[in-house]
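Peer 1: My structure is below; once you've seen it, I'll send some questions.
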Amino acid sequence: MRDSLGRLRGLLRKEFLQILRDPSAIAVAFLLPAFLLLIFGFGVSLDAHDVPVGVVVDRPDALAASFTGKLANSPYFQPRPFATIGEAEKALAAHEVTAIVWLREDFTRRALSGGEAPLGVIVNGTDANSARIIEGYVQQAWANWLQAEAAERGAPPPTPVAVQQTVRFNPAVSSRDYLIPGLIAMIMTLTGALLTALVIAREWERGTLEALMVTRATIREILLAKLLPYFLLGMGGMAASVILAVTVFDVPFHGSLAVLTATSAVFLLAALGMGLLISSVARNQFVAGQIAIITTFLPAFILSGFIFDIGSMPAAVRLITHVVAARYFVAILQTVFLAGDVWAVILPNALALAVMAAIFLGIARLSARKRLD
Amino acid sequence: MAAAPEEPSAALRLDRVTRVFRAGGRRVVAVDEVSGRVERGAVTGLIGPDGAGKTTLMRLCAGLLLPDGGRIAVLGIDVTQAPAAAQARIGYMPQRFGLYEDLSVQENLDLYAELQGVPAAARGPRYDQLLHMTGLGRFTGRLAGRLSGGMKQKLGLACTLVRAPELLFLDEPTVGVDPVSRRELWAIVDHLTRSEGMTVLLSTSYLDEAERCRAVLLMHEGRLIGADDPARFTAGLAGRSFHVAARDFSKRRLHERLSGATGIIDATIQGAQVRIVTETAAPPSAAALLPDVPDARIVAVPPRFEDSFIALLKTGRRAGGMPPAASPPSAPAAPAAGGGDEVIVVRDLTRRFGSFRAVDNVSFSVRKGEIFGLLGANGAGKSTTFRMLCGLLPPSDGSLRVAGFDLGHAAAAARGRVGYMAQKFSLYGDLSVMQNLRFFSSAYRLKGERRRRRIAWAVEEFALGPVSSATSRDLPLGYKQRLALACALMHEPDILFLDEPTSGVDPLARREFWHRINALAEAGVTILVTTHFMEEAEYCDRLVIMADGRILATGDSESLKERLRSKERPDPTMEDAFVALIEAAGAERAA
Amino acid sequence: MWHQVLALIVKELLAVLKDRKSRMVLIGPPLIQLMVFGYAATFDLDHVPIAVYDEDLSAESRDLVARFTGSPVFEPLAFLHSARDIDGLIDQRKVAMVLSIDRRFTRDLLLHRPARVQLIVDGRNSNTALLILGYANSIISDFSLGWAKSHGGPVPPAVLEIRARYNPNLSSQWFIVPGIVAVLTQVVTLLVIGLSVAREREAGTFDQLLVTPMRQIDILLGKGLPGLLIGGVEASVIILAAVLWFAVPLRGGLLPLYLGLFLFVAAVTGIGLMISSLAVTQQQALLGAFLFMVPSITLSDFATPIANMPPLIQDLTQVNPMRHFLAVVRGVFLEGATFQSLLPHYWPMAAVAAASLFTAGWLFRRRVY
């Protein structure tokens, strides 16, 4: 027993020294995560603002001016006047404006006479998602203007139904608040699976694993000595990302640290298990890196609900997402950050992660032999 | 602890051990029914060329691979059944020494001490002992990756010795290290067996190391072709080795004549003479062997281990081998005799990497039609010099001219006069033999009829016909070497650069190779070759010996050996000369 | 000289096609990614689980609820009887939205007072939340309009007619699938060509090439043209799949599309050759390619709009060839863009291609290791 501890200590010290001295470990563990966090924190956003909108008013008057004024005051739009609809359409085709609002000739007359005045909105639908969001904004602006206009004239509300919207957990509907927790899952996948697969493959390549195998170290000690440092590295990266998210990017954190720590630990174990498995299949860094990127990083990006909503995927693809560990972790992270400790979300997802971790680590342990073949 | 059933007099017993690998649908028998034993308390050599199955056998013995058949008993323990029990009592140093290059010397030692369960109290004295033995005491803080090849090898050995094993496996510990380090390693191994009673199994492809072993296991193509006392191997060849010399006949022409002759199984150039081994123990008569050479002298010499290896191989291989090149490969340009015509001139060449001087003020020149050797261990600076000559690396200082050009800046046409064979026989592994030939012929700007003719020549001359559609990665090393040389000669260059052209290939392929190179030199091609096989210096007309980026000596092999000749050492080897030079240089620096 | 370049191209293609590993990189991952991206990467909402809390339980409120039930976007999972259940369902992610209809809904409608309806949305995925609100709002305003018409209430003075150009149904697939052409072409070209120099360096054959009479430009062409060829074939296969399998309309001409493709692959090849000229081992090259790939996709408009980024980062994306090629593919596919309108995207790609290829060629000989 004491011998075993001694061997473990020796292996662990070696692993830490190597991490400190290896530039590629530092690149994957720190450089890439920091870069991703900065890009996503400061750059990437799904929220439209200052959308360039072409405004065509066929016959300018007070009523039309009141509506265009409303648009100009909105943070979502940046109106640009055009004289004719033809010119505006040209600008739309050239991507100078993303949408056109067209107040036709008889706008005022029909608006006041109680007829249906035509208000044309043309959106560039190429980016379907942005187009939908812009549509929503225009609709809202329109409804608000109608309300204000009616109130001014003392008339009854033009729309009989008044909608009151409540967005839970993210009242400002800021995409950063939901992207950053998901991104943390991505970063943990990188350190957990990619880095682990790379470093073990490196030991195969350099023949050092061969030397280790002939010593008294048992396979359990060798595996444990690989898991522990990268586990700590992953948790460290996790802590740094969370601190950055909360302090620099102002992402709210409603859950408890204990839940976050515990679930992260379980996820990291699953990721490390995956890394161990990959390295037992691929014994050179090149192949290990490719497999890790294809089987862990890309699925974590697309199939985890990080950006794309899993519920909207076709059934077959939804089925596949169940074997992506990141899927469960993204759900937990988004809940813990934005909603709090909702056990009904956390428990089933954490259980799924625990099962995956057990399976991956179990296979890795069973398939590991103190042998080269 | 249960006693082994039989008296465990042998440290290692192999009983019909077989191991098969499957590679891309092909079945490769790496170790083929090998039976043998290793006696306690001595060094046994596992000797054979690359690909003979030595490493696989070592790994089988260390319990790292499972045999497909047969039994292995290590210290009386069946490794297949109880690998952990066996591993607790053995030491194993894999080919690349198993060192963590980003850990320091001390950290590597600490790691292995922990792994081998050496108690903390016992470590201090053991470290002192090991560091003293290996001479690494001054470098404990240095990263293992920054050590020279020889120092890495000694550190690897020290790491396997932190807890003295009963049986020590060393897998090619001397490959790529300089002769001085090799001697030091042997001194350590001798010490271990003699005063600590350790048993050592050491694999090597250097045949001359066999003579230092108590017993030798000789492997070739997965089979054990001999197991005996090395002296007894050579004894079988008593009276069959001779030196042949003739005053007015060049050694190369002499060599060419003798290697084809009946009754002679081996002919190699050694300094000014040709060394031959005959089929029978009858001394050959000069008149019968070389009727047109009036002053040929034949002197009997003691046999070497290599002679017996060649004899063993030749008798077994006759059928599969290729005929030695009969005609000199098509003569390029003018087959001028040697003279003052300097083709390669190097003056005060220096190459710095940061503050490290890889090549330090090197000057030499090579004449037309000469075979010129760059000798030295890994890290001596010969590869760097070589790369600068080929224009692959810009020099930091000094000048160099190859056929009047600096290839780094010269027009493409100038490079057309040079043939280059890279280390490890760099070929396109995914391409077939024929596709490689086609590619290189185009790369060297051959077209139409000439291209067709040269490809046909290469296939014919190097006997590549039977393998022309094989993927070159799967070729045996000897064929790779031939193909690489064929590609380098495609455009009939005047100058040929050869970087470690014979490393890893078996002695027969090496002989065949030098035979060809001799013929090329006869035809007027200038040849620059690097090698770390000291005995290959014998083939060179002139050579430089490099160490630490500097030239230690220039001259022909005879004159270099001559300096060392004395009563005690009537026939020094090239390696003796090299070691003496290094030691002299070291003493000079100390003074 | 062309003879030599041709030999190098043939060799390069043979090496890629004969090696099982690189063949796999060419065929396996792109196919899987095309399918997964094509179907999984969607922003369209479909069967969003919602709950309904109808306190009014009148004919009018049931009419409103029926409009939600009838929509393909929403799928009511639960009809609640108590306001207390609302929070739990949303917290636990059982439903994404709760539609709550006020007790006085019908009365207020008849009295021409604002009849209140509350939408409570899970904001954990802000994008989904916005889209859900958009859909729900348009259903409710349809209802209002219908009610006002049939009950003679005050009619809104104007109606909003929203039309989407180029993608009338606002299908995400039409947006994402052309994007995949760009992403996969970049990944494959970068992996195959980017690793080719590093692989030759590792095998030592690159030295051999440099010692032959080939000039830098010959090697550059010999290494780069296979990249163009492989990237071109790969892109063509995906373009074909986009048109035939995913039925994305190809409105523009092939010529402007392939000019963009040519410039894009040239730029990616140049960057790949640059990375691999700098790398000593294949592993470094792989890591380098990865470090380039992640930001180039993130900052390309592929899934995350550039228009929403801060101005500084928007300027930065100008040097990203992927961003420009995405504009070309989407422009040609959906908008039927012409040479002239794509000019602002052609020249930055050409500039990046020229600069990176030049640097790569220079590095072939300069790189010291």
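Conditions tested, residue by residue: (1) in contact with a strand residue (DSSP E or B) (Cβ under 8 Å, 6 or more places away or on another chain); (2) in contact (Cβ under 8 Å) with a residue 60 or more places away in the chain; (3) not in a loop (DSSP other than H, G, I, E, B).
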residue	(1), (2), (3)
B:173	yes, yes, no
B:183	no, yes, yes
B:192	yes, no, yes
B:200	yes, yes, yes
B:203	yes, yes, yes
B:218	yes, yes, yes
B:249	no, no, no
B:253	no, yes, yes
B:256	no, yes, yes
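Peer 1: Could you grab me the full set of residues in the range C:214-271 that are free of Cβ contacts under 8 Å to residues at least 60 places away in the same chain and open to solvent by less than 40 Å² (accessible area, probe 1.4 Å)?
Peer 2: Result: C:227, C:231, C:232, C:235, C:236, C:239.
Peer 1: Scan the range A:234-251 for residues that are touching a Gly at 6+ places or on another chain (Cβ under 6 Å) and closer than 15 Å to residue A:40 by Cα and jot them down. Outline the logic, then answer.
Peer 2: Initially, the range A:234-251 is screened for residues touching a Gly at 6+ places or on another chain (Cβ under 6 Å), giving A:234, A:249.
Passing the criteria: only A:249.
Peer 1: Using the structure shown, decide if residue C:51 is touching an Asp or Glu at 6+ places or on another chain (Cβ under 9 Å), of a type in the set (Gly, Ala, Ser) and either on the phi < 0 side of the Ramachandran plot or more than 10 Å from chain A (Cβ to nearest Cβ) (or both).
Peer 2: Yes.
Peer 1: Residue check: is residue B:122 outside any loop (DSSP other than H, G, I, E, B) and under 30 Å from residue B:76 (Cβ atoms)?
Peer 2: On the way: outside any loop (DSSP other than H, G, I, E, B): yes; under 30 Å from residue B:76 (Cβ atoms): yes.
So residue B:122 passes the test.
Peer 1: While we're here: So, in the range B:67-101, exactly how many residues are more than 11 Å from chain A (Cβ to nearest Cβ), surrounded by fewer than 17 Cβ atoms within 10 Å (Cβ to Cβ) and either part of a loop (DSSP other than H, G, I, E, B) or of a type outside the set (Asp, Glu) (or both)?
Peer 2: Residues that pass the stated criteria total 4.
Peer 1: Let me ask another. Suppose we filter the range B:412-426 for residues that are open to solvent by 20 Å² or more (accessible area, probe 1.4 Å) and more than 7 Å from chain C (Cβ to nearest Cβ); how many remain? Outline the logic, then answer.
Peer 2: The first filter runs over the range B:412-426 and keeps only residues open to solvent by 20 Å² or more (accessible area, probe 1.4 Å), leaving B:413, B:416-417, B:423-424.
Of the ones still in play, those that are also more than 7 Å from chain C (Cβ to nearest Cβ) are B:417.
Number satisfying all stated conditions: 1.
Peer 1: Which residues, taken from the range C:115-137, are open to solvent by less than 10 Å² (accessible area, probe 1.4 Å) and more than 7 Å from every other protein chain (Cβ to nearest Cβ)?
Peer 2: C:132, C:136
Peer 1: Still on this model: Could you list, in sequence order, the residues of the range C:289-335 that are open to solvent by 30 Å² or more (accessible area, probe 1.4 Å), more than 9 Å from every other protein chain (Cβ to nearest Cβ) and in contact with a Pro (Cβ under 9 Å, 6 or more places away or on another chain)?
Peer 2: Answer for the range C:289-335, where residues must be open to solvent by 30 Å² or more (accessible area, probe 1.4 Å), more than 9 Å from every other protein chain (Cβ to nearest Cβ) and in contact with a Pro (Cβ under 9 Å, 6 or more places away or on another chain): C:318, C:319, C:323.
Peer 1: Looking at (1) assigned to a helix (DSSP H, G or I); (2) open to solvent by 70 Å² or more (accessible area, probe 1.4 Å); (3) within 12 Å of another protein chain (Cβ to nearest Cβ); (4) free of Cβ contacts under 8 Å to residues at least 40 places away in the same chain, which one does residue C:67 not meet, given that it meets all the others?
Peer 2: The failed condition is (4).
Peer 1: Only one residue in A:34, A:29 is surrounded by 14 or more Cβ atoms within 10 Å (Cβ to Cβ), in a helix (DSSP H, G or I) and without any contact (Cβ under 8 Å) to a residue 40 or more places away in the chain, so which one is that?
Peer 2: A:34
Peer 1: Would it be correct to say that residue B:10 is of a type in the set (Gly, Ala, Ser), over 22 Å from residue B:305 (Cα atoms) and modelled with pLDDT of 90 or more? Can you show your working first?
Peer 2: Values: of a type in the set (Gly, Ala, Ser): yes; over 22 Å from residue B:305 (Cα atoms): yes; modelled with pLDDT of 90 or more: no.
In short, no.
Peer 1: Go through the range C:257-331 and tell me which helices (runs of 4 or more DSSP H), entirely inside it, have 2 or more residues that are farther than 27 Å from residue A:296 by Cβ.
Peer 2: Numbers: elements: C:282-298, C:311-316, C:321-330.
Correct list: C:311-316, C:321-330.
Peer 1: Given (1) away from chain B (no Cβ under 14 Å); (2) at pLDDT 85 or above; (3) within 30 Å of residue B:440 (Cβ to Cβ), identify the lone condition not met by residue C:27.
Peer 2: Condition (2) is where residue C:27 drops out.
Peer 1: Restricting the search to the range B:77-95, which residues are in contact with a helix residue (DSSP H, G or I) (Cβ under 9 Å, 6 or more places away or on another chain) and in contact (Cβ under 8 Å) with a residue 60 or more places away in the chain?
Peer 2: If the condition is that a residue be in contact with a helix residue (DSSP H, G or I) (Cβ under 9 Å, 6 or more places away or on another chain) and in contact (Cβ under 8 Å) with a residue 60 or more places away in the chain, then B:77, B:90, B:91, B:92, B:93, B:94, B:95 are the ones that fit.
Peer 1: Another question about this same structure. Pick from C:140, C:180: which is at pLDDT 85 or above, out of contact with any Cys (no Cβ under 7 Å at 6 or more places or on another chain), over 21 Å from residue C:42 (Cα atoms) and part of a helix (DSSP H, G or I)? Let's see the steps before the verdict.
Peer 2: Working: C:180 fails: over 21 Å from residue C:42 (Cα atoms).
C:140 is the lone residue from the list that is at pLDDT 85 or above, out of contact with any Cys (no Cβ under 7 Å at 6 or more places or on another chain), over 21 Å from residue C:42 (Cα atoms) and part of a helix (DSSP H, G or I).
Peer 1: Okay, moving on. Do we have residue A:74 as assigned by TED's automatic domain parsing to the domain that holds residue A:146, modelled with pLDDT under 85, within 37 Å of the chain's Cα centre (by Cα) and of a type in the set (Ser, Thr, Tyr) here? Explain how you work it out, then say what you get.
Peer 2: Numbers: assigned by TED's automatic domain parsing to the domain that holds residue A:146: yes; modelled with pLDDT under 85: yes; within 37 Å of the chain's Cα centre (by Cα): yes; of a type in the set (Ser, Thr, Tyr): yes.
So residue A:74 passes the test.
Peer 1: Going by the conditions given, is residue C:86 of a type outside the set (S, T, N, Q), crowded, with 21+ Cβ neighbours inside 10 Å and touching a residue at least 24 places away in the same chain (Cβ under 8 Å)? Talk me through it step by step, then tell me what you get.
Peer 2: Values: of a type outside the set (S, T, N, Q): yes; crowded, with 21+ Cβ neighbours inside 10 Å: no; touching a residue at least 24 places away in the same chain (Cβ under 8 Å): yes.
The answer is no for residue C:86.
Peer 1: Select from the range B:126-173 the residues that are touching a helix residue (DSSP H, G or I) at 6+ places or on another chain (Cβ under 9 Å), open to solvent by 40 Å² or more (accessible area, probe 1.4 Å) and acidic (Asp, Glu) and list them in ascending order.
Peer 2: B:128, the sole residue that qualifies.
Peer 1: Being touching a Phe, Trp or Tyr at 6+ places or on another chain (Cβ under 8 Å) and farther than 18 Å from residue B:221 by Cβ is the filter; apply it to the range B:53-63 and report the residue that is surrounded by the most Cβ atoms within 10 Å (Cβ to Cβ).
Peer 2: So the residue we want is B:62.
Peer 1: Return the residues of the range C:263-287 that are at pLDDT 85 or above and more than 20 Å from the chain's Cα centre (by Cα); say none if nothing qualifies.
Peer 2: Selection gives C:266, C:269, C:270, C:271, C:272, C:273, C:274, C:275.
The rows are residues; the columns are (1) in contact with a helix residue (DSSP H, G or I) (Cβ under 6 Å, 6 or more places away or on another chain); (2) over 27 Å from residue C:214 (Cα atoms); (3) within 14 Å of another protein chain (Cβ to nearest Cβ).
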site	(1), (2), (3)
B:353	no, yes, yes
B:391	no, no, yes
B:398	no, no, no
B:410	no, no, yes
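Peer 1: Name the residue, out of A:315, A:270, that is surrounded by fewer than 24 Cβ atoms within 10 Å (Cβ to Cβ), among the aliphatic types (A, V, I, L, M) and either under 19 Å from residue A:357 (Cα atoms) or out of contact with any Ser or Thr (no Cβ under 9 Å at 6 or more places or on another chain) (or both).
Peer 2: A:315
Peer 1: Kindly indicate whether residue C:7 is of a type in the set (Gly, Ala, Ser) and in contact with a strand residue (DSSP E or B) (Cβ under 9 Å, 6 or more places away or on another chain).
Peer 2: No.
Peer 1: Identify the single condition in (1) surrounded by 22 or more Cβ atoms within 10 Å (Cβ to Cβ); (2) within 28 Å of residue C:50 (Cα to Cα); (3) not β-branched (Val, Ile, Thr) that residue A:186 does not satisfy, given that it satisfies every other one.
Peer 2: Among (1) surrounded by 22 or more Cβ atoms within 10 Å (Cβ to Cβ); (2) within 28 Å of residue C:50 (Cα to Cα); (3) not β-branched (Val, Ile, Thr), residue A:186 violates only (2).
Peer 1: Could you tell me which of the residues A:202, A:168, A:153, A:206 is more than 30 Å from residue C:149 (Cβ to Cβ) and more than 9 Å from chain C (Cβ to nearest Cβ)? Write out each step before concluding.
Peer 2: Numbers: A:202 fails: more than 9 Å from chain C (Cβ to nearest Cβ); A:168 fails: more than 9 Å from chain C (Cβ to nearest Cβ); A:153 fails: more than 30 Å from residue C:149 (Cβ to Cβ).
Result of the check over A:202, A:168, A:153, A:206: A:206.
The values are calculated or read from the model by the stated rules, or taken from the named source; none is laboratory data. Note that the structure is a prediction, hence the values are computed from the model and not measured. A quick note on method: Cβ atoms are made from the backbone with ideal geometry, for glycine too, and the neighbour counts reach across all protein chains shown. Accessible surface areas use protein heavy atoms only, side chains included; no ligands, DNA or RNA. Shrake-Rupley method; radii C 1.70, N 1.55, O 1.52, S 1.80 Å.
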